[in-house]
Amino acid sequence: KTVNKTVKIGIMTGTKEDDSIWQTVSKTAKDKYGITLKFTHFTDYTQPNTALKNGDIDLNAFQHYAFLKAWNKANNGNLVAIGDTVISPISVYSKQLKNISDIKEGGTIAVPNDASNESRALYVLKSAGLIKLDVSGQTLATVKDITSNPKNLVIKELDAAQTPRALDSVALSVVNYNYATAASLPNSESVYMEPLNKTSAQYINFIAATSKEKNNKVYKEVAKAYASKATEKAIKEQYPDGGELPAWNLKL
């Protein structure tokens, strides 16, 4: 019996940078392992895991560990990581302020509303010195965990895709890198960027499979095709600003 070497992988509707990286991965998968990658594009974070769980796709690549942990818990899911891809530091933007510490008393900050990215955004605001949280770096934080908010800042929870648009009406907005790129917000214009440290491990992105397919040889070869020198070179060429960094050999 011949192994079916076409693999359907779900990704977010990408930027030309991400598409270019995936073209490199496709070429490696084809040339080195004889695998044809077929892409299904999704427009928001709620879709790719459901599609994977339902068997509409074989793998997906769009999320970090904290996101999957929260998703598996909420959806009785059994999805697992089979290979790390990139890490994208999350950034804070403003149309009103030059410096994050200039935010005025009672100012509003937009954050993504899904559990893991909201937590990530709150940790970023903590590391910037705006709030204090009553949780350690490995626990998902919510607004209920804010123990100190000296400027009485208002946290506005929005769909992650809406955070760039909110900039017209809020003092600060915490924006995931892919949405910042899609909205033409360069890293160089952010007023604060997430520091990479031990807490960051949970924000490494990866290729996901269902748990029953986690040892599937062909799927593991897709992960190997991603974690290659060619992909590393493509990421560095496409993201000279460090907006995405290869994560499969990252030392935190």
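The values are calculated or read from the model by the stated rules, or taken from the named source; none is laboratory data. Predicted model, so just to flag it, every value in this text is computed and none were measured. We place every Cβ from the backbone using ideal geometry, glycine too, and count neighbours over all the protein chains shown. The accessibility values were calculated without ligands, DNA or RNA, using every heavy atom of the protein model including side chains. Shrake-Rupley method; radii C 1.70, N 1.55, O 1.52, S 1.80 Å.
Points worth noting:
- Selection status of E194, crowded, with 17+ Cβ neighbours inside 10 Å and of a type in the set (D, E): yes
- If you go through the range 182-211 and keep only what is under 24 Å from I155 (Cβ atoms) and not in a loop (DSSP other than H, G, I, E, B), you end up with A182, N187, E189, Y192, M193, T199, S200, Q202, Y203.
- When residues of the range 25-54 are limited to those that are outside any helix (DSSP H, G or I) and among the hydroxyl-bearing types (S, T, Y), the one surrounded by the most Cβ atoms within 10 Å (Cβ to Cβ): Y45
- Checklist (1) touching a residue at least 24 places away in the same chain (Cβ under 8 Å); (2) outside any loop (DSSP other than H, G, I, E, B); (3) of a type outside the set (K, R); (4) open to solvent by less than 40 Å² (accessible area, probe 1.4 Å) applied to G243, failing item: (2)
- Here N216 meets each of (1) closer than 18 Å to I100 by Cβ; (2) at pLDDT 95 or above; (3) open to solvent by 30 Å² or more (accessible area, probe 1.4 Å); (4) not charged (D, E, K, R) with one exception, condition (1).
- Flag for K233 being open to solvent by 20 Å² or more (accessible area, probe 1.4 Å), among the charged types (D, E, K, R), within 30 Å of N78 (Cβ to Cβ) and out of contact with any Gly (no Cβ under 8 Å at 6 or more places or on another chain): no
- Any hit, the range 120-132, residues being more than 23 Å from the chain's Cα centre (by Cα) and free of Cβ contacts under 8 Å to residues at least 12 places away in the same chain: no
- Residue within the range 80-96 that is open to solvent by 10 Å² or more (accessible area, probe 1.4 Å), closer than 16 Å to T163 by Cβ, at pLDDT below 95 and not hydrophobic (A, V, I, L, M, F, W, C) present: yes
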